[in-house]
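One structure is given below, represented as C-alpha cells, and several questions about it will come after.
Every number in this text was worked out from the coordinates using simple rules, so none of it is lab data. None of these values were measured; they are calculated from a predicted model. Note: ideal-geometry Cβ built from the backbone for every residue, glycine included; neighbour counts use all protein chains shown.
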Amino acid sequence: MPPEAADVGAEYEALLQFLYLAPVGLAQTTLEGEIVMINPLSAQLLMPLSQQGFSNLFAALEDVAPDLRHQAAKFGAASGMICDGVRIQLGPGTVTKPDAQTLSLTLLKLDSKRLMAVLSDVTEHVKRERLLRQSEAWLNAIMTGVRDYALISLDSQGRIDSWNESIGRITGHDSSAVGEPYSIFYPGDGITPHRLMDRLREADDSGWSLDDGWRQRANGSRFWGSALLSPLRLLQDDTGPAYCLIIRDITDKLEASETIRRATSCDHLTGIANRRMLFEAAEIELARWRRAPRPLTLLMLDADHFKTINDRFGHPAGDAVLCSLAAALTSTFRECDIVARVGGEEFAVLLPSTSVQGALAVATRLLSVVAGQTLEIEGHRIQYTVSGGVASMEADVTGFDALMKRADRALYAAKSAGRNRVQSFG
Amino acid sequence: MSTLLRLDFVRADLHAQLDACTDDDLDELEFGVIGFDDENTVRRYNVFESQMAGLSRDRVIDMPLFTGVAPCMNNFLVAQRFEDAAADGSTLDDVIDYVFTLRMRPVRVKLRLLTAPGRRFRYVLVKRAL
C-alpha cells in the first residue's frame with residue numbers, strides 16, 4: 001500500500017471515531033427525510049421514538065413534531081436554515097426519568113438533495129431555563145417597574161383579611177371584599193377552589209408563589225396581572241394575616257411576555273399549548289394532586305378520519321380543520337384548563353378539579369359544537385367530528401404517561417365504538 | 001476452530017466459553033465481541049466487531065467503553081444494566097434490540113449483555129438483526 005493510502009485509511013478511521021464520539025446528534029437525510037447517514041448520538045436520541053427502527057427522520061419525529069415534514073417541504077429556498085434549535089418535547093416524565101425529555105433540533109437544507117439535522121438533548125438546559133425564568137419573574141415582580149400595586153393580606157384560608165386604598169385603586173373592589181376568597185380577583189373560570197389552596201401551599205413550601213395571567217376588576221373588566229403570594233407567619237404562634245398577596249397590573253408588558261410564551265409554549269399552527277407546555281403543567285398538577293388528591297381528569301381527543309380529510313381536500317384544509325378544532329376547544333373549556341395539541345390531529349385537555357362525569361359533560365358539548373359546524377375552505381364545505389377518551393388521576397396511576405395511556409385507551413374505545421363520541425377509562 | 005464456529009450467539013453457557021477463548025478464537029466468531037473489565041475498560045475486541053464498526057483493535061483496546069468507545073451505549077439500556085448488576089452482585093444475561101450506527105448507517109442489532117460475579121470479563125455481544 002502506498003504511504004498516502006495508509007494515511008488516508010488511518011484518517012478515515014479517526015474521522016469515524018470522531019463521529020462515533022461526538023456528543024451531539026448529526027444526521028444527513030434526503031429532502032424527504034430518508035436517513036442517509038446518522039451518528040450514534042442521533043440514533044440514541046431517536047431510538048425511544050421509533051419502535052420499528054428508523055429509516056426516515058420525519059417519520060421518527062412524526063408524533064412529537066408533526067409539522068416538521070410540512071415545514072421542510074414548504075421551505076422554498078435552494079439552501080438554508082429550515083429551523084434552528086427548535087425544542088421538541090418527547091414523552092412526559094416517567095418514574096425513572098422524572099423530567100420530561102426535550103430535544104433541540106436544527107435542520108439545514110444543504111442543496112436540492114440533502115438535509116443536515118443536528119439533534120441534542122436539552123432536558124437539563126430546559127430545566128435550568130425554567131428555574132431561571134421563575135427567579136427572573138420573581139425579581140421582576142418585586143424590583144422593576146413598580147408604579148402601582150395592590151397589597152392584600154389574606155387569612156390562612158386565602159380570604160381577604162382587611163381592605164386598603166391600594167386594593168381599590170388596582171382592582172376596584174371596596175371594603176365589602178373583606179372575607180371573600182382571593183379568587184374574586186380572577187375571571188370566573190380562571191381559578192378553582194383547589195387551585196386557590198394549592199397556591200397557598202406552594203407559597204408555604206417555597207416561600208413564594210408567582211402567577212401571571214388575566215385578573216378581573218370589580219366591574220368585570222380584565223387586566224394582565226402579576227400576583228406574588230408569600231406567607232407571613234414565620235413562627236407557628238404568629239398571629240395576624242397568614243399571607244401577603246401583591247397584585248400588579250402589567251398589561252403593558254403583556255405583549256413582550258406573550259411573544260416569549262408563544263415562541264416556547266405554543267403549537268405554531270393552532271396557537272394553543274404545545275406538548276412541552278402540557279407536560280410542564282401536568283407535572284405541576286400531579287405534584288398538587290399528590291399533596292392533596294382531588295378530582296383531576298385528562299381528556300384526549302382525536303379528529304375522526306383526519307387522514308381522509310387531508311387526502312381529499314389537501315394539507316391546507318387539514319390545517320384549517322386543526323385550527324377550527326383548537327378554537328372550539330379554547331372556547332369550550334375553562335381558562336384554568338390546559339388545552340394542548342400533542343400530535344398531528346391529537347389534542348389533550350387537562351382539567352383540574354373536574355370529575356370524570358364533569359369532563360364527559362364538557363367533552364360531549366364540544367363534540368356537538370364540532371359536529372354542528374361546517375367549514376368553508378377553498379370552496380369545499382367540510383364537516384368533521386372528533387372522538388374523545390377521559391381518564392382520571394388515581395392512586396394507582398404512576399405518572400402522567402400512565403394517565404395519558406388510560407385516556408388513550410378510552411379514546412380507542414370511542415373510536416372503535418363508531419367515533420363522534422367520548423368514553424371514559426375502565 | 002470448527003467447534004468455536006458453532007459457538008452460537010444464544011448459547012446458554014456462552015459467558016464461560018468466551019472467557020475460555022483466546023483472542024484468536026474470538027476472531028473466528030461471526031458476531032461482534034466487546035469484552036471489558038469491571039472498570040469498563042475494553043480488554044477484548046474481535047475482528048467481526050472491528051470490521052462492522054470500521055475501527056481497528058488498537059483504537060479501542062484499553063479505552064473506557066462507555067465514554068471513549070461507544071457512548072451510544074452509555075444509557076439505562078446498556079451501561080446502567082451492567083452497573084446495576086455489579087451493585088447488587090447479580091448475573092446479567094439478556095438480549096435486547098438496539099440500533100447501532102455502524103459507519104454512520106443505522107443498523108438494527110441484537111445485543112447480548114453478559115456479566116456475572118467472579119467472571120473475568122463482561123461482554124457486549126453484537127449480532128445484526130435479521
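Which lysines, on any chain, are close to A:Lys74 with Cα under 25 Å apart, when same-chain ones fewer than 8 places away are left out?
Within the straight-line limit of under 25 Å, A:Lys74 reaches these lysines: A:Lys109, A:Lys113, A:Lys307.
I would also like to ask the following. Name the shape class, rounded, prolate or oblate, that the alpha-carbon gyration tensor gives for the range A:247-370, where a ≥ b ≥ c are the square roots of its eigenvalues, rounded holds for a/c under 1.5, and otherwise prolate holds if a/b is larger than b/c and oblate otherwise.
Values: a/c = 2.00, a/b = 1.22, b/c = 1.64.
It is oblate, given that a/c is not under 1.5 and a/b is not larger than b/c.
If amide H atoms are built 1.01 Å from N in the plane of the peptide, which residues on other chains or at least 5 residues away come under 5 Å of the amide H of A:Thr102?
A:Leu90, A:Val122, A:Thr123
Return the aspartates and glutamates within reach of A:Lys405: Cα separation strictly under 15 angstrom, same-chain partners fewer than 8 residues apart disregarded; answer none if there are no such residues.
In chain and number order, the partners are A:Asp63, A:Asp302, A:Glu346, A:Glu394, A:Asp396.
Within the set of other residues whose C-beta is less than 14 Å from the C-beta of B:Val69, count the net charge using Lys and Arg as +1 and Asp and Glu as -1.
Details: positive: B:Arg43, B:Arg44, B:Arg57, B:Arg59, B:Arg122; negative: A:Glu13, B:Asp37, B:Glu39, B:Glu49, B:Asp58, B:Asp62.
Taking every other residue near B:Val69 into account, the sum is -1.
Sticking with this one: For a quick check, take a GNM of chain A with Cα springs below 10 Å and name the residue from A:Met393, A:Met197, A:Met300 with the largest mean-square fluctuation.
Evaluated over chain A, the most mobile residue of the options is A:Met197.
DSSP loop trypsin sites (Lys or Arg not before Pro) in the range A:153-262 with at most 16 other Cβ atoms within 10 Å of their Cβ, which ones? Intermediate values should be presented prior to the final figure.
Numbers: sites: A:Arg159, A:Arg169, A:Arg195, A:Arg199, A:Arg201, A:Arg215, A:Arg217, A:Arg222, A:Arg233, A:Arg248, A:Lys253, A:Arg261, A:Arg262; in loops: A:Arg217, A:Arg233.
Those that pass, being in a loop and sparsely packed, are A:Arg217, A:Arg233.
Counting other Cβ atoms within 10 Å of each Cβ, which GluC sites (Glu not before Pro) in the range B:22-75 have at most 14 and sit in a DSSP loop?
Details: sites: B:Glu28, B:Glu30, B:Glu39, B:Glu49; in loops: B:Glu28, B:Glu30, B:Glu39.
Those satisfying the criteria are B:Glu30, B:Glu39.
Additional query: Run the quick spin-label model on A:Asn219 and A:Lys307: label points 7 Å from Cα toward the beta carbon, then report their separation in nm to one decimal.
With each label point 7 Å from Cα toward Cβ, the separation is 5.6 nm.
Which percent, to the nearest 5, of DSSP beta bridges fully inside chain A are antiparallel?
Working: 68 of 72 bridges.
Antiparallel bridges make up about 95 percent of those DSSP assigns within chain A.
What net charge do the residues around A:Ser50 carry, taking every other residue with its C-beta under 10 Å from that of A:Ser50, with Lys and Arg at +1 and Asp and Glu at -1?
Details: positive: none; negative: A:Glu62, A:Asp63.
Combined, the nearby Lys, Arg, Asp and Glu give -2.
Follow-up question, since we're still on this one. In nm, give the distance between the simple-model label positions of B:Arg120 and A:Glu165, each being 7 Å from the Cα along the Cα-to-Cβ direction.
Simple spin-label model gives 8.9 nm for this pair.
Using only atoms on other chains, find how many Cβ atoms lie within 10 Å of each Cβ of peptide B:59-65 and report the average. Walk me through the intermediate numbers first.
On the way: counts 5, 1, 0, 0, 1, 0, 0.
So the per-residue partner count for this stretch is 1.
Residues with beta-carbon under 13 Å from that of A:Ser387, excluding A:Ser387: net charge, scoring Lys, Arg +1 and Asp, Glu -1? Before the final figure, lay out each step's value.
On the way: positive: A:Arg409, A:Lys415, A:Arg419, A:Arg421; negative: A:Asp302, A:Asp304, A:Glu345, A:Glu346, A:Asp408.
Spelling it out: positives minus negatives among the neighbours equals -1.
Other chains near A:9-20: what is the mean number of their Cβ atoms within 10 Å of each residue's Cβ? Don't skip to the answer; put the middle values down first.
Working: counts 1, 2, 0, 2, 5, 2, 2, 7, 8, 0, 3, 13.
For peptide A:9-20, the averaged partner shielding equals 4.
Spin-label point model (7 Å from Cα, Cβ direction): what's the B:Asp62 to A:Thr264 distance in nm?
4.8 nm
Would you report the distance distribution of C-alpha pairs in chain A as whole percents per 10 angstrom bin, up to the bin with the largest distance?
Distribution as computed: 4, 18, 26, 24, 16, 8, 3, 1, 0, 0 percent.
Something else: Specify whether the C-alpha gyration tensor of chain B places it in the rounded, prolate or oblate class, a ≥ b ≥ c being the square roots of the eigenvalues: rounded for a/c under 1.5, otherwise prolate if a/b is larger than b/c and oblate if not. Each step should come with its number before you reach the end.
Details: a/c = 1.29, a/b = 1.04, b/c = 1.24.
Taking the square roots of the gyration eigenvalues as a ≥ b ≥ c, chain B is rounded.
If a/c stays under 1.5 just call it rounded; otherwise compare a/b with b/c (prolate if a/b is bigger, oblate if not). Do that for the range A:3-121, with a ≥ b ≥ c from the square roots of the Cα gyration tensor eigenvalues.
Numbers: a/c = 2.28, a/b = 1.29, b/c = 1.77.
Oblate, because a/c is 1.5 or more while a/b does not exceed b/c.
Can you compute the FRET efficiency between B:Asp23 and A:Glu255 using 1/(1 + (r/R0)^6), with r the Cβ-Cβ distance and R0 = 51 Å? Round to the nearest 0.05. Please report the intermediate quantities before stating the final value.
Working: r = 68 Å, r/R0 = 1.34.
Calculated value: 0.15.
What lysines does A:Lys253 reach when the alpha-carbon gap must be under 27 Å and sequence neighbours fewer than 8 apart in one chain are set aside?
A:Lys127
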